[in-house]
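Trainee: The structure that follows is given in the form of structure tokens.
The values are calculated or read from the model by the stated rules, or taken from the named source; none is laboratory data. Just so you know, these numbers come straight off a predicted model, no measurement behind them. Here the Cβ is made from the backbone with ideal geometry for all residues, glycine too, and neighbour counts use every protein chain on show. Each accessible area value is taken on the protein alone, full model and side chains, heavy atoms only, with ligands, DNA and RNA left out. Shrake-Rupley method; radii C 1.70, N 1.55, O 1.52, S 1.80 Å.
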Amino acid sequence: MAKNMGVAVAAALSELNVEKAVNALLKWRDSQSQSQKPQLLEQDEFLYLIVSLKKIPQKARVNPIKVPLPHPIIDDPAELCLFIDDRSKSGITKDAASKKIKSENIPINKVIKLSKLKTDYKPFEAKRKLCDSYDMFFADKRIIPLLPRLLGKQFFKKKKIPVPVDLKHNNWKEQIHNACSSAMLFLGSGTCCVVKVAKLSLEKKEIFENVIAAINGIAERVPSKWGNIRSFHLKLLDSLALPLFQAMPDLRLKILADADHHTSSKEEKQEVEEEEDDTSHQKTKKKKKSKGRIHDVQYMDDQEHINDSNSEADRKHEINANISTKKKKTALKKLCPIDIKVKDKKKKKSLAA
């Protein structure tokens, strides 16, 4: 099933679109070169393939994935540098490595020991000069975990991370040749990757072959292969990205999701109707029976409101009580002299009798 899907997706990648994109970028570059001023030192420009994935890789790789290309993108007289492990357990010295490089005619221009990298290339300026001095770097695979801390950010920004080489084997020249004739795919912690696939000094046919080989190689090395590829775009350094391939959304899954949504909506409607029936039945029971009624939940805000209302009622009651006592006192004060006068009249009448 996966193989059939991969074949179908690969067939959707039209070679005609790739050819059109290459021609359009070359024409755009020619028009730009005519309008710009000629430079003293001409630099060879590269074509970049932008790879967009559907899912983020679970583990970010520090070491690049080598994708073979039919035409190498590094010049034949390239400046190459090799980092070796000069610790006691490695069993390799700088003299032995340089002798082997000369005897087998390996295209390595500089051999740097790990101890010298720690001491002489500690300042930032020394690291920057080292990064700019060579086109590509190789290192013994046993010291690869130590290099990110020693080399710094400049190597990672310029995508010049050393390629691991197994120096225990005798095929040094073959390993270096394969790395020089390959595109380096760095799978980081995102869904987008940029890969150098060709240089403008190549012929149009060679550029086209490199792009096709890079697309097929990347699709085979990426996790889940073609099932994880969202799109491919081709661009120059300052140009727009031209689309080569765009994955279509899975319509079958969308239709199934819609069908599940309709069935779930029907079930939800039935559940809502049953709940409404249950609530109406419970209301009728509550009217018949006063006992067993669930009390309303009182929150803190409600309790504070109740306490405030009770306090206000108490205050009003006290005020009313005070007013009533005052009225009673004033009434008694008015009645007292009247009663005294009545009593005096009664005494006088009794005396006269």
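Trainee: Keeping the other protein chains in place, figure out the carbon and sulfur percent of the accessible area of the range 71-174, with a 1.4 Å probe. Present the calculation step by step, with values, prior to reporting the outcome.
Mentor: On the way: 3070 of 6040 Å².
The value for the range 71-174 is 51 percent carbon and sulfur by accessible area.
Trainee: Averaged over all directions, how much area does the convex hull of the C-alpha atoms of the range 75-180 cover when projected, in nm²?
Mentor: Details: hull surface 25.6 nm².
Projected over every direction and averaged, the Cα hull of the range 75-180 covers 6.4 nm².
Trainee: A follow-up question, please. Work out, step by step, the length gained on full extension between Lys100 and Phe186: first 0.36 nm times the residue separation, then minus their alpha carbon distance; give nm to one decimal. Working shown, then result.
Mentor: Numbers: separation 86, 0.36 × 86 = 30.96 nm, distance 3.04 nm.
Extra length available between Lys100 and Phe186 comes to 27.9 nm.
Trainee: Run the numbers on the range 75-180 and let me know its relative contact order in percent, using alpha-carbon pairs under 8 Å that are six or more apart. It would help to have the intermediate numbers written out before the result.
Mentor: Details: 123 pairs, mean separation 31.9, N = 106.
Rounded, it is 30 percent for the range 75-180.
Trainee: Per residue, what volume in Å³ does the Cα convex hull of the range 64-128 take up? Display every interim value, and only then the final one.
Mentor: Working: hull volume 9.5 nm³, N = 65.
About 145 Å³ per residue, rounded to a whole number.
Trainee: Would you please calculate the Kirkwood hydrodynamic radius of the range 136-181 over all C-alpha pairs and express it in Å, rounded to one decimal?
Mentor: Numbers: mean 1/r = 0.0886 Å⁻¹.
One over the average 1/r among Cα pairs gives 11.3 Å for the range 136-181.
Trainee: How much of His177 can a 1.4 Å solvent probe reach, expressed as accessible area in Å² and rounded to 10?
Mentor: Rounded to the nearest 10, that gives 120 Å².
Trainee: Using 1/(1 + (r/R0)^6) with R0 = 45 angstrom and r between the beta carbons of Gln154 and Leu16, what's the FRET efficiency to the nearest 0.05?
Mentor: On the way: r = 40 Å, r/R0 = 0.90.
Efficiency, from the Cβ-Cβ distance: 0.65.
Trainee: What is the ratio of the Cα radius of gyration of the range 181-248 to 2.2 N^0.38 Å, where N is its residue count, to two decimals? Can you show the working numbers first?
Mentor: Values: Rg = 12.3 Å, N = 68, 2.2 N^0.38 = 10.9 Å.
In units of the globular-protein estimate, the range 181-248 measures up at 1.12.
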